[in-house]
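Let me begin by presenting the structure, written as structure tokens, before commenting on it.
The values are calculated or read from the model by the stated rules, or taken from the named source; none is laboratory data. Note that this is a predicted model, so its numbers are computed, not measured. All Cβ positions, even for glycine, are placed from backbone atoms using ideal geometry, and neighbour counts span all protein chains on display. When the accessible area is computed, the model is the full protein with side chains, heavy atoms only, and any ligands, DNA or RNA have been set aside. Shrake-Rupley method; radii C 1.70, N 1.55, O 1.52, S 1.80 Å.
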Amino acid sequence: MAKRTKSPKYIFVVGGVMSGVGKGVASSSIGAIMKARGFTVTALKIDPYINVDAGTMNPTEHGEVFVLDDGDECDQDMGNYERFLDIDLSSVNYMTTGRVYQEVIRKERNLQYGGRNVEVVPDIPKEVIRRIKKATQEADADIAVIEVGGTIGEYQNIIFLEAARMMKMNAPDDVMFVMVSYLPIPSKVGEMKTKPTQYASRTLNGVGIQADVIIARSEAPLDAKRKEKIATFCNIDKSNVVSAPDVDSIYDVPVNFEKGNLGRIVSDKLGLNHVESKTDLRAWQNFANKPKKAKKEVNIGVVGKYFDSGDFILADVYISVLEAIKISSYHLNLKPKIDYLNSEDFEGPAGKRRLKKLSKYDGVLIPGGFGTRGIEGKINAVNYVRENKIPYFGLCYGMQIAVIEYARNVLGIENATTAEMDPEAENMVIDIMPEQKELLKKQNYGNTMRLGAYPAILSKETIAQRSYKSDEISERHRHRYEVNPEYIERLTSKGLIFSGKSPDGRLMEIAELSEKEHPFFLGVQFHPEFRARPLSPHPLFTAFIKASLKRRG
Ligand code: GLN
């Protein structure tokens, strides 16, 4: 597409008062609105922590690890950007303090600073700016939305705010700031309070930045009086204060922001109104309305772990899986009802009796996972849904578990397992590949994961091929183990179909049962959830939901 701006424009999104009020969704929504005005938009996330990526973090600590095409393991906000903007991002779109320092130190060691004193300021902000510009250039974007993680006033993200300030100073017409702030309504007071936002605004001023727009997140809409107050005390025009009350679905947010004229406000600030004066959110709105119109429910059970770590974490760990289920269901005009089932509840004799609970579901899904906890419960769950012909969709570990279950109960290899459970086991139907073993011997652990997008070839006349309507696909991976080639012949001779394979035929990417045997039994070695987008639902999730609907009748 032809460039629509003379120079790229940068929208920094910062958070006031506290975290967890939807800064990621706000950033994604601003991007979606500007895209709907015809601009090419990219998005970046800055995470203030030292970790170089999210790959080594515990999911209960961090939520989901989102994987990009190039294999970067990053924050789940990147998933929101991809879903809202319907674009593929890469590692240049993601940075952490660790990543930025690592690069500066690498350059210093390579004498790239010409022997001068390398300093936190300005060298760190300069590296941040270089990355922002590189990502914008690589996407050939008119506009980059940059979300600065953390909250204004904390020590951790100050260096990133300094980078933003420097960019504004050098190109005042091309850079703007949006503060997403929280307005509490204390129950005893019963009134929405603007004071914390006023303080956040002053703290932002203290680092040389003035917000151009304030997005007022609260339980309730902002009234005229408080809008006025924020405008007066935060030095901003009251038309640039946008009310953002809680909504039922995150997909309503762009539409809501647009009701507050955000597209026009941003365009005014960045001098883009002569280019485009309309936001065309029709396609988006059409999607966002679907859950409101859907009457029929579909009941999906997600058998996983981590769920016992408290409700707060629950939805975050599998966020892309949940969104993928929702997106496909909405497109089929269905309301998904998703239950979280702890796989450990299906272990032992009492657990086996509980398996009956699964028959109330229209479909059962096992998402990705690591480690040994709860795995026997998952195997029992797969056994139950396979024998009782309940639609089953296994993602990554969920596919490996389906293969183990098949080996145990159909092939009669009772001690079939994965090397992840027991590296010394006799029958590892899931194992690491020989070339990985070499790396492990050299203690080169980092390189033993298969990460990012890989192609797969699909076999004709299979659920996979019919769903994708294609013979070749590309999907994102994040796993260490594979189906052990030594067992493939035995598994296929007993009816398991490997309908997707790596182009060299060595790696099994999709396993399924014939529809004559089972209405829908399919596992994938990759993570299709990372490719499900509101405006282009994932074909396998759609096929699974369709099969679940059929069971419901
Ligand atoms: N633990 C399995 C592996 O490493 C599956 C990983 C996953 O589900 N993402 O192969």
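Which aspartates and glutamates, on any chain, are close to K9 with Cα under 18 Å apart, when same-chain ones fewer than 8 places away are left out?
E138, D140, D142, E147, E162, D173, D174, D212, D268, E276
7 Å from Cα along Cα→Cβ at both E228 and N333: what's the point-to-point distance in nm?
4.8
Tell me, what is the FRET efficiency for R106 and T60 to the nearest 0.05, using R0 = 41 angstrom and their Cβ-Cβ distance as r?
0.80
For K6 and K259 in one chain, what is 0.36 nm times their gap in residues minus the Cα-Cα distance, to one decimal in nm? Could you put the intermediate results ahead of the total?
Details: separation 253, 0.36 × 253 = 91.08 nm, distance 2.79 nm.
Full extension from K6 to K259 adds 88.3 nm.
Over the chain, what percent of the accessible surface lies on carbon and sulfur atoms, probe 1.4 Å? Present the calculation step by step, with values, prior to reporting the outcome.
On the way: 11630 of 23250 Å².
Here it works out to 50 percent.
Excluding ligands, DNA and RNA, what is the solvent-accessible area per residue of region 111-170 at a probe of 1.4 Å, expressed in Å²?
The answer is 48 Å² per residue.
Using a/c under 1.5 as the rounded threshold, could you call region 53-142 rounded, prolate or oblate? The axes a ≥ b ≥ c are square roots of the C-alpha gyration tensor eigenvalues, and prolate needs a/b larger than b/c, oblate otherwise.
Oblate.
Roll a 1.4 Å probe over the protein heavy atoms and report the accessible area of E347 in Å², nearest 10.
It works out to around 60 Å².
Give me the net charge of I430's neighbourhood, meaning all other residues with Cβ under 9 Å from the Cβ of I430; Lys, Arg count +1, Asp, Glu -1.
-3
Lysine pairs in region 406-553 8 or more apart or on different chains: how many have alpha carbons under 21 angstrom apart?
12
If you average the sequence gap of Cα pairs under 8 Å that are 6 or more apart and divide by the length of region 469-553, what percent do you get for the contact order?
Over region 469-553, the number comes to 24 percent.
Can you give the FRET efficiency to the nearest 0.05 for D88 and N51, using r as the Cβ-Cβ distance and R₀ = 22 Å?
E(calc), rounded to 0.05, equals 0.45.
Quick one: angle between helix 158-170 and the longest Cα principal axis of the chain, in degrees between 0 and 90, rounded to 10, please.
50
Pulled fully out, how much extra length does the chain show between N286 and Q137, if you take 0.36 nm times their separation in residues and subtract their Cα-Cα distance?
Difference between extended and current length: 50.5 nm.
What FRET efficiency comes out for K238 versus K295 if R0 is 51 angstrom and r is the Cβ-Cβ distance? Round to the nearest 0.05.
0.80
Per 10 Å bin, what is the whole-percent P(r) computed from every C-alpha pair distance within the chain?
In whole percents, the pair-distance histogram is 3, 17, 26, 24, 17, 10, 3, 0.
Antiparallel as a % of all DSSP beta bridges within the chain, to the nearest 5?
Values: 22 of 72 bridges.
The antiparallel proportion sits near 30 percent.
Hey, can you rank 472-483, 349-360, 516-527 by average C-beta count inside 10 Å, highest first? Don't jump to the answer; show the numbers that get you there.
Numbers: 472-483: 20.3, 349-360: 13.1, 516-527: 22.8.
Sorting 472-483, 349-360, 516-527 by mean packing, highest first, produces 516-527, 472-483, 349-360.
Within a Cβ distance under 11 Å of F346, other residues only, what is the Lys/Arg minus Asp/Glu net charge?
Numbers: positive: K352, R353, R354, K356, K357, K378; negative: E344, D345, E347, E376.
After counting each charged neighbour, the total is +2.
Relative to the compact-globule scaling 2.2 N^0.38 Å, provide the ratio for the alpha-carbon radius of gyration of region 405-553.
Values: Rg = 16.3 Å, N = 149, 2.2 N^0.38 = 14.7 Å.
Compared with the compact-globule rule of thumb, region 405-553 sits at 1.11.
May I ask you to list the trypsin sites (Lys or Arg not before Pro) in region 45-135 that are in a DSSP loop and have at most 16 other Cβ atoms within 10 Å of their Cβ?
Loop-located and lightly packed - R116.
Could you list log10 I(q)/I(0) for region 90-224 at q = 0.22 Å⁻¹, which the Debye formula gives when each Cα is one point scatterer?
-1.38
Compute, for L496, the solvent-accessible surface of its heavy atoms (probe 1.4 Å) with the complete set of protein chains present, and express it in square angstrom to the nearest 10.
Here the residue's solvent-accessible area equals roughly 10 Å².
Would you work out the relative contact order for region 94-211, in percent, from Cα pairs under 8 angstrom that are 6 or more residues apart?
19
Can you give me the pair-distance distribution of region 341-452, C-alpha pairs, 10 Å bins, whole percents?
Spelled out bin by bin, region 341-452 gives 13, 43, 30, 12, 2 percent.
In nm, give the distance between the simple-model label positions of K278 and K442, each being 7 Å from the Cα along the Cα-to-Cβ direction.
In this crude label model, K278 to K442 measures out at 5.9 nm.
Probe of 1.4 angstrom, ligands and nucleic acids ignored: what's the accessible area per residue over region 401-454, in square angstrom?
Details: 2700 Å² over 54 residues.
Per-residue accessible area for region 401-454 comes out at 50 Å².
What residues of region 391-420 lie in the reach of a label at E426, counting those whose backbone N is under 14 Å from a point 7 Å from the Cα along Cα→Cβ?
Under 14 Å, as judged by backbone N against the label point of E426, lie 408, 412-417 of region 391-420.
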